[in-house]
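Read through the structure below, which is laid out as structure tokens, and then see the notes.
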Amino acid sequence: MLTQKNLIFVGAPGAGKGTISAVMLEKYPLVHISTGDILRDEVKRGTELGQQASVLMKEGKLVPDEIVAGMVRARLAQKDCDNGFILDGFPRTINQANLLAEALKELGRPLDRVVYLQVDDEIILKRLTARQNCKKCGAIFNKIFMPSKVENVCDNCGGELFQRPDDSLETAKSRLEVFYKQTQPLLDYYTEQGKVLAITELDKDKIVAAIEKELA
Ligand code: AMP
């Protein structure tokens, strides 16, 4: 059972963090905290934060650590996180990891595991440039690997599917570069703490089974 487990998902954009989170959420009462989703919502609502973030996001660059860490801290302080959580896309830098460690200590929510979804670049780029998201419910599809039953229509809610602007080939490449440069050192940081579970499986059920086995 994966209740009350506090997890971080690390992986290049397109490694499957969102997809695996969605499968886990169907099975367990965990809270899913995706900094990308929170930021995209801010952009959509045209908030001040959204306006600041939007340019950086379009270029595939990281939003400043303090802003993102503050957003996550506020979310982690909410009561429903007592059930455990999946942090998806955060932390991405050592500085963010330190800010997170402080917040988790203050909130009394110790980290259980860092799940690293390790996927080859070639597959990542294929996946990213074919990825589609539902405008209405946010569900993730892929034109090549996980197509919707009806083209451009969400299986779950009938909403229209679209491609994220940062999933173009050019931006996808630069996001991969940013990942290797800034996020890879995070894995060393968490490996030293004995927290990392690296998974090279590509099948989503096998990935979830590996996480369940590790945390049983
Ligand atoms: P994602 O959906 O996780 O791929 O995030 C999309 C974009 O949001 C990234 O390319 C960044 O511009 C921004 N973003 C998301 N999470 C973070 C984070 N932890 N730190 C800085 N920027 C972030």
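So here's what we get for this one:
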| quantity | calculated |
| --- | --- |
| Semi-axes of the equivalent ellipsoid for the chain, Cα gyration tensor, largest first, Å | 25, 21, 18 |
| Debye, to nearest 20: dipole size of the range 121-176, +1 on Lys, Arg Cβ, -1 on Asp, Glu Cβ | 80 |
| Net lengthening on full extension, Val150/Glu48 (0.36 nm per residue, minus Cα-Cα) | 33.0 nm |
| Under 12 Å from Lys61, Cα to Cα: aspartates and glutamates that are on another chain or at least 8 residues apart | Asp166, Glu177 |
| Positive-end extreme of charge dipole, the range 1-64 - chosen from Val31, Leu56, Ser21 (charges on Cβ) | Ser21 |
| Gain upon complete extension [Gln78, Gln163; 0.36 nm per residue less C-alpha separation] | 27.5 nm |
| Among beta bridges that DSSP assigns inside the range 98-210, antiparallel share in %, nearest 5 | 65 |
| Sparse-neighbourhood loop sites, chymotrypsin sites (Phe, Trp or Tyr not before Pro) in the range 173-203 - DSSP loop, at most 15 other Cβ within 10 angstrom | none |
| Cross-link partners of Lys173 among aspartates and glutamates (Cα-Cα below 14 Å; sequence separation of 8 or more within a chain) | Glu59, Asp120, Asp121, Glu122 |
| FRET E, pair Asn95, Gln4, Förster distance 22 Å, beta-carbon r, rounded to 0.05 | 0.20 |
| Measure of compaction for the range 62-129 (Cα Rg per 2.2 N^0.38 Å) | 1.29 |
| Within a Gaussian network of the chain (alpha carbon springs, distance under 10 Å), most fluctuating of Gln78, Gln182, Gln96 | Gln78 |
| DSSP beta bridge pairing in the chain, given as percent antiparallel to the nearest 5 | 30 |
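Rule-based calculations on the coordinates, nothing more; no lab input. Everything numeric in this text was worked out from a predicted model, so none of it was measured. Cβ sites come from the backbone with ideal geometry, for glycine too, and all protein chains shown count toward neighbours.
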